[in-house]
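Below you'll find the structure, written out as structure tokens, and then a few comments.
The values are calculated or read from the model by the stated rules, or taken from the named source; none is laboratory data. Keep in mind that what you see is a predicted model, and the values were worked out from it rather than measured. Methodologically, a virtual Cβ is constructed for each residue, glycine included, from the backbone with ideal geometry; neighbour enumeration extends over all protein chains shown.
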Amino acid sequence: MSAASCCLLTEDQFLCSICLDVFTNPVTIPCGHNFCKNCITEHWNSNVQCQCPICERFYNTRPELQVNTFISEVAAQFRQSAQQKASSSSSEQQAAKPVEVPCDVCTGTKLKALKSCLVCLASYCETHLEPHLTLSGLKRHQLIGPVKNLEGRMCTTHNKLLELFCKTDQMYACTLCTILDHKTHDVVPLKEEYESKKAELGKTEADVQEMIQKRQRKIWEITQSVELRQRDADREIVDGVQVFTALKESVERSQAEFIKTIKEEQRKTEKQAEDFIKVLEQEISELKKTRSEVEQLLHSEDHLQLLQSFSSLNVAPPTKDWTEVSVRPPSCEETVVRVVAQLEETITELLRKLFEAQLKKVHQYAVDVTLDPDIAHPRPAQSNDRDDHQFSDCRCVLSKQGFS
């Protein structure tokens, strides 16, 4: 038979329904169904009665098995064609990396598995997964994303698939476990517990997202506070400059001290804000990491993996309550009062020295122009009284202007 004729037949016509592989020494039993000779023999050896695995027809006596040469030849040609196709496909697919799940059927170079079957307990690459996607009997099998150690999904006691969850003992169980060991316990299907935990993860994701948003809003509030404080500081500097500019050299020194103090306080405020933001960003990073882990579990189709990972998931990393935290800029009133008080002392001292210098000048002038010292003495005394009165008037003016 030509290769073109083989292509006219469907692929499942060449597969044994017991081993799910291309026929080897195919035989036809009386009901008309075909199997590998070894497969049907072992099947009948393991059962009391001889029964067709497909149509379930019983035979009182075991039929004599003869190899169907026609099907054998066709199957051989199809096997050759399938191997060539698999070889061509494998050249396009990449071999499984050490961290990836390899195909359990591939011989030689193990290709990357696309799915794992919980019924067959095997993982399949794209080529060997085809029967599970096309054969009606295999379509009912449960496929999940590729996972390693499928044997770990079997009950070690009864060698059956772990498909139930005991809420009482918080452990996985097979159907026999529920009858023997968990008879009166609260047992649910693994999928039901999976959906329950997935719902919890959904709520956790929402809570984590809300925590992230709160911290992002807090960062915005702190940033706005810093910017507002910067504008206030600029205005205070401008106002201070306007006050101190009029005070000449002594006022300029006070002005420099005032600006320096304001900027130092501003730097402290910015440093405090930077520390808060750094901690917030670190918490956001940890929360995003947690959200990423939660998202990965939410997208997982693997019931057991999700349940196993759920208990060890760090759902709520240590975070700080930021509700009452804010950047409170220090008041500059004390700084202004202190600088103005120093300025008043400086101005007072300068005025006193100025008046003392003036008094000395007046007294010297009176002595020089008066020949009689007895007459000259009262004049500086009178001048001193008048100058003291003028000094008091100066202080009153300063007090009215807000420097007292």
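Annotations
- Scanning segment 176-190 for residues that are surrounded by 14 or more Cβ atoms within 10 Å (Cβ to Cβ) and not hydrophobic (A, V, I, L, M, F, W, C) turns up Thr178, Asp181, His182, His185.
- Among residues of segment 19-39, those that are assigned to a loop (DSSP other than H, G, I, E, B) and crowded, with 20+ Cβ neighbours inside 10 Å, counted: 2
- Restricting attention to segment 174-194, the residues that are assigned to a helix (DSSP H, G or I) and in contact with a His (Cβ under 9 Å, 6 or more places away or on another chain) add up to 9.
- Test set (1) within 29 Å of Gly108 (Cα to Cα); (2) aliphatic (A, V, I, L, M); (3) modelled with pLDDT of 80 or more - Ile29 fails condition number: (1)
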